[in-house]
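Trainee: Take a look at this one; I'll ask things after.
The values are calculated or read from the model by the stated rules, or taken from the named source; none is laboratory data. Remember, predicted model here, so these are calculated numbers, not experimental data. Note: ideal-geometry Cβ built from the backbone for every residue, glycine included; neighbour counts use all protein chains shown.
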Amino acid sequence: MNLVWAWLADPAHWQGTGGIPARIAEHLLYSALVLVLAAAVAVPLGLWIGHTGRGRVVVVNVVNGMRSVPTLGLLYVSVLVLAPRLRGDWAFLTPAIIVLFLLAMPPILAGAYAGVAEVDPGVRDAARGMGMSGLEVLWGVEIPCALPLIFSGLRSATLQVIATATVAASVSVGGLGRFLIDGLAARDYGQMAGGALLIGLVALAVDGVFALVQRVAVSPGLRPARPLKTHEAIPAS
Amino acid sequence: MITFDKVTKVYPDGTRAVDGLSLDLPTGKITVFVGPSGCGKTTSLRMINRMIEPTSGTIGIDGRPTSSLDPVTLRRGIGYVIQSGGLFAHRTVLENIATVPLLLGWGKAKAYGAARELIERMGLDASLTSKYPAQLSGGQQQRVGVARALAADPPVMLMDEPFSAVDPQVREQLQDEFLRLQAELGKTIVFVTHDIDEATKLGDQVAVLRVGGTLAQLAPPADLLADPVDDFVADFIGRDRGYRALAFVAAPALPIQPEATVELGATREQVAAVAAGAPWVLVVEDGAPVGWVAPERLGATVGRDDLHRGGTVARVGGSLRAALDAALSSPSRRGVLADDDGRLVGTVSATDVLTEIERDETGPPS
Ligand SMILES: Nc1ncnc2c1ncn2[C@@H]1O[C@H](COP(=O)(O)OP(=O)(O)OP(=O)(O)O)[C@@H](O)[C@H]1O
Ligand SMILES: [Mg+2]
């Protein structure tokens, strides 16, 4: 504990390109990039599948399949395949982003899909019966009602990405993972534990921000929301 | 007027849900679709607003075939109430009710104004306005569902078992309110239920469907009870139909007897004097009958706890069923009759009511 404290309290560690603030910024940047990409694909896809009921089986299999892919193995494979074809930072960043993207997809997709699919059929029927068009039902009813589960999916993806972005460092990209890798190499346990602590704190802080946004975005009529269990699979039928 | 002309629905899996249905649903009246489970009531109802497309045949509203109208436009002009309520959990009561006006582009001020008016009209407490559906009781949710369907003042209302998810007491309240509202509004209403009592209570005409989706009988409730066309209809409307049919016969001038009464709070001696040996004495409060007391089981005075409240009170000029029920449910076997303001008029015996029923030469109503 003292080692951690000593490492954290050293002003030198808070400066420069390898300093804590810079690493946090890198970490957040990669994570945000990945999450925005994953959400941009998975949220519309999940909403569409939930709304139309089409392609559900494919999603179940894809989502569950992706979950069982080993992250590190995939990372090294994609580095081997991609690194020779790309230049500069991107050579290592791209594989990391791809891996994290694949990691973030399943929970977001599952949340968006389940959120819409679980809207009470009576509610959907009433909405259509009152003369809402398909898009009006989606925007006015299904998405607002799905928000709690959409948020659950996003939050669980975020936690996983922030925690796993650490591995990005193992292919010599920045982020808080560097402290773990460098600390291990230098047998500097204060640095290692400090880095781990920082990752945890960053994850908590980001989740807290999400919680606040969720409070504002989700109608009070939908609280308390059913939490999406982390390993919840999309029901197959 | 809504017209069904040889309407048939065969689902993709081959189920023939509705088969050659032809009938007219008059403007401003309540038509009830009733029949056993799976007889095609819901399918018939949902074909009117094109939630389901008929396989063949046409449905017309005021002479225009619905197939010629855009489904979304058509639906915005037809109120729609379903059993589960279907309220939007993420919207307040006010926002729920204003849904169709907002879809029609009335603007917020006008839409919410109309919604507020309906909240009042439906007998909902104004404090519910900003509540969410999850915070309402089942009965309140159904009222909001009906209010939401009425918000844009559509001439036609489709209601699929709107009251069957609430307990019997609330259901009866909702039915009474519904009839009161309809008396004011005069909508063309299509009402689906599997409960024959609800059908005869609410319907101006009742369409009995049989499994397979054919029309077994279309008749006003009194005629249906008095004269079922076949065994299926007779079976479906069930026992007690002779008694239930009396609900549609206005009581003629019954031989009403004056009844000696005591006021609530009278002393034991006063009651004994009025009773003059009779086992039951009627108690009134401000002229309104409140119950019967048995003199020999009385304390010092007549309190509310001493009242026998089993007897129903019939209205003078009400139905024969109500008068007979008042007599049969009364511990003294004398049925209590009151005027429209609830003040005691007198009593009538079951025998006298039966005599009137027998004297009615037409027999059961037809
Ligand atoms: N989408 C569908 N696909 C296939 N068959 C259906 C479908 N909807 C209804 N049916 C069948 O059509 C028949 C009529 O169904 P409908 O829902 O109209 O009955 P209902 O009279 O409303 O019954 P209930 O009183 O149980 O609500 C039933 O046999 C039902 O199983
Ligand atoms: Mg039905």
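Results for (1) over 30 Å from B:GLU120 (Cα atoms); (2) out of contact with any strand residue (DSSP E or B) (no Cβ under 8 Å at 6 or more places or on another chain), shown as yes or no for each residue.
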{"site": "B:ARG171", "(1), (2)": "no, yes"}
{"site": "B:LEU181", "(1), (2)": "no, yes"}
{"site": "B:THR188", "(1), (2)": "no, no"}
{"site": "B:VAL211", "(1), (2)": "yes, yes"}
{"site": "B:PHE232", "(1), (2)": "yes, no"}
{"site": "B:ASP235", "(1), (2)": "yes, yes"}
{"site": "B:ALA253", "(1), (2)": "yes, yes"}
{"site": "B:ALA260", "(1), (2)": "yes, no"}
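Trainee: Let me ask something else. Test B:PHE178 against the stated conditions and say whether it is under 30 Å from B:LYS110 (Cβ atoms), within 16 Å of ligand 1 (Cβ to nearest atom), surrounded by 20 or more Cβ atoms within 10 Å (Cβ to Cβ) and away from every other protein chain (no Cβ under 14 Å).
Mentor: no
Trainee: Next up: Please specify each residue of region A:84-97 satisfying the condition of being free of Cβ contacts under 8 Å to residues at least 24 places away in the same chain and either buried (at least 17 other Cβ atoms within 10 Å of the Cβ) or not in a loop (DSSP other than H, G, I, E, B) (or both).
Mentor: Correct list: A:PRO84, A:ARG85, A:TRP90, A:ALA91, A:THR94.
Trainee: Quick one: in region B:62-100, which of the residues that are within 16 Å of ligand 2 (Cβ to nearest atom) and among the small types (Gly, Ala, Ser) is surrounded by the fewest Cβ atoms within 10 Å (Cβ to Cβ)?
Mentor: If we take residues in region B:62-100 being within 16 Å of ligand 2 (Cβ to nearest atom) and among the small types (Gly, Ala, Ser), then B:SER84 is surrounded by the fewest Cβ atoms within 10 Å (Cβ to Cβ).
Trainee: Please specify each residue of region B:1-35 satisfying the condition of being more than 21 Å from the chain's Cα centre (by Cα), away from ligand 1 (no atom under 15 Å from the Cβ) and surrounded by 19 or more Cβ atoms within 10 Å (Cβ to Cβ).
Mentor: Taking region B:1-35 first, the residues more than 21 Å from the chain's Cα centre (by Cα) are B:1-24.
Next, from what is left, pick out any that are away from ligand 1 (no atom under 15 Å from the Cβ): B:1-3, B:5-6, B:22-24.
The answer is B:ILE2, and nothing else.
Trainee: Please indicate, with yes or no, whether at least one residue in region B:109-120 is more than 11 Å from chain A (Cβ to nearest Cβ), of a type in the set (D, E, K, R) and touching a strand residue (DSSP E or B) at 6+ places or on another chain (Cβ under 8 Å).
Mentor: No: zero hits.
Trainee: Let me ask something else. Quick one: in region B:134-159, of everything that is at the interface with chain A (Cβ under 9 Å from one of its Cβ atoms) and surrounded by fewer than 22 Cβ atoms within 10 Å (Cβ to Cβ), which residue is farthest from B:THR73 (Cα to Cα)?
Mentor: By that ranking, first place goes to B:GLN135.
Trainee: Output the residues belonging to region A:115-132 that are touching a Ser or Thr at 6+ places or on another chain (Cβ under 9 Å) and assigned to a loop (DSSP other than H, G, I, E, B).
Mentor: Residues satisfying the conditions are A:ASP120, A:MET130, A:GLY131, A:MET132.
Trainee: Quick one: is B:GLY212 away from chain A (no Cβ under 14 Å) and within 27 Å of B:GLY40 (Cβ to Cβ)?
Mentor: yes
Trainee: A further question on this structure: Hey, which of the strands (runs of 3 or more DSSP E) in region B:12-61, taking only ones fully inside, have at least 2 residues that are closer than 22 Å to B:ALA234 by Cα and more than 12 Å from ligand 2 (Cβ to nearest atom)?
Mentor: Once the strands (runs of 3 or more DSSP E) in region B:12-61 are filtered for at least 2 residues that are closer than 22 Å to B:ALA234 by Cα and more than 12 Å from ligand 2 (Cβ to nearest atom), what remains is B:16-25, B:30-34.
Trainee: Take the residues in region B:198-228 that are modelled with pLDDT under 95 and surrounded by fewer than 17 Cβ atoms within 10 Å (Cβ to Cβ), then tell me which one is farthest from ligand 2 (Cβ to nearest atom).
Mentor: Residue satisfying both the conditions and the ranking: B:ASP227.
Trainee: Please work out which residue is farthest from ligand 1 (Cβ to nearest atom), limiting yourself to region B:43-61 and to residues that are among the hydroxyl-bearing types (Ser, Thr, Tyr) and crowded, with 21+ Cβ neighbours inside 10 Å.
Mentor: Only one residue tops the list, namely B:SER44.
Trainee: Somewhere in region B:276-298, is a residue at pLDDT below 85, assigned to a loop (DSSP other than H, G, I, E, B) and surrounded by 13 or more Cβ atoms within 10 Å (Cβ to Cβ)?
Mentor: Yes, some residue in region B:276-298 is at pLDDT below 85, assigned to a loop (DSSP other than H, G, I, E, B) and surrounded by 13 or more Cβ atoms within 10 Å (Cβ to Cβ).
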